[in-house]
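**Student:** Here's a structure for you.
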Amino acid sequence: MRVRVCSDLEIHFEVETPLILMLQPLSGGLQQVLEETFSYSHRVKVDEYSDVFGNSCQRFVAPAAEFAVHASSEVETAEYMDESPGAPFVNIQDLPIDVLRYLIPTRYCESDRLGDVTRNIVADTLLGYNQVYEVAAWIRNNVEYVPGSSEIPLSADEVRKQGHGVCRDLAHLGIALCRSISIPARIVVGYLVGLEPMDLHAWFEAYVGNRWYAFDPTQKDLSGARVAIAYGGDAADVSMFHLFGPLPLSSRLRVRADIVTD
């Protein structure tokens, strides 16, 4: 399925401000980038690089003005994310070296505090994919997805106790619960066709059966084309923009994700 995704970021800066953006999807996994455009309302010197997770980043200094960035891509991606009930747990000694980082507790995913909770959720469940499926189902049934309810990231245990959160918060909880039983898990930020209300979306992936599989506690299933922009240990790694200076006078991000029918 071919999908056209677009982000328009508008920020009004009072002073010149260094920025790092992360808005460009990359080819890999279930997606292939076919076309892309990236433009700025003012001329700026841009340094492009890949971060430690392989995400595409742009660094520049934004002017003291109303500054806009337009990023759009046409991507070939799957209409449904892969599922694999029964995919086995991968022993720690058999995990690829670059996957090991997704086992440790992080700022927003304090997996070292949630082992007892997870073991109760997955009791008597087949090790591996089925455990992650039970984790996602438990979150869906016990933590309410409320878009717009949180402006700052919460930790996984805070979300569990609060009982509601945005997509990023539910992803954090899924990640932490998986890591607490030695299943590598990471956050994904990107687009989901048909998401209501439309915005950038977050879900999580778990490494079982020798590959990554997607899970989304905010949705009833994994239907709907997805385009990933960034991967990381938690939300601190996948922010769409980091600014290094005073808060802007205003900012707005508009997002679209549409199936290409022509």
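The values are calculated or read from the model by the stated rules, or taken from the named source; none is laboratory data. These numbers come from a predicted model, not from an experiment. Note that each Cβ is placed from the backbone with ideal geometry, even for glycine, and that neighbours are counted across all protein chains shown.
**Student:** Among (1) modelled with pLDDT of 95 or more; (2) surrounded by fewer than 17 Cβ atoms within 10 Å (Cβ to Cβ); (3) charged (D, E, K, R), there is one condition R179 misses while meeting the rest; what is its number?
**Tutor:** (2)
**Student:** Right, next: How about region 168-262: which strands (runs of 3 or more DSSP E) wholly inside it have at least 1 residues that are charged (D, E, K, R) and in the same structural domain as E14 (by TED's automatic domain parsing)?
**Tutor:** Output list reads 250-259.
**Student:** From (1) surrounded by 13 or more Cβ atoms within 10 Å (Cβ to Cβ); (2) within 21 Å of the chain's Cα centre (by Cα); (3) closer than 25 Å to A236 by Cα, pick out the condition that doesn't hold for G54.
**Tutor:** Result: G54 passes all but (1).
**Student:** A further question follows. Given the criteria crowded, with 19+ Cβ neighbours inside 10 Å, part of a loop (DSSP other than H, G, I, E, B), within 15 Å of the chain's Cα centre (by Cα) and among the hydrophobic types (A, V, I, L, M, F, W, C), does L154 qualify?
**Tutor:** yes
**Student:** Mind counting the residues in region 85-118 that are among the basic types (K, R), more than 16 Å from W212 (Cβ to Cβ) and surrounded by 14 or more Cβ atoms within 10 Å (Cβ to Cβ)?
**Tutor:** Result for region 85-118: 1.
**Student:** Let me ask something else about it. Is at least one residue of region 57-74 free of Cβ contacts under 8 Å to residues at least 60 places away in the same chain, surrounded by 16 or more Cβ atoms within 10 Å (Cβ to Cβ) and among the polar types (S, T, N, Q)?
**Tutor:** yes
**Student:** Okay, next question. Name the single residue, out of those in region 119-136 being without any contact (Cβ under 8 Å) to a residue 60 or more places away in the chain and among the hydrophobic types (A, V, I, L, M, F, W, C), that is surrounded by the most Cβ atoms within 10 Å (Cβ to Cβ).
**Tutor:** Per the criteria, the residue is V122.
**Student:** Follow-up. Being more than 19 Å from A185 (Cβ to Cβ) and either acidic (D, E) or surrounded by 14 or more Cβ atoms within 10 Å (Cβ to Cβ) (or both) narrows it down to one of L253, L249, so name that one.
**Tutor:** Testing whether each residue is more than 19 Å from A185 (Cβ to Cβ) and either acidic (D, E) or surrounded by 14 or more Cβ atoms within 10 Å (Cβ to Cβ) (or both) leaves just L253.
**Student:** Consider P217 carefully, then state whether it is more than 26 Å from Y80 (Cβ to Cβ) and not hydrophobic (A, V, I, L, M, F, W, C).
**Tutor:** For P217, the condition - more than 26 Å from Y80 (Cβ to Cβ) and not hydrophobic (A, V, I, L, M, F, W, C) - is not met.
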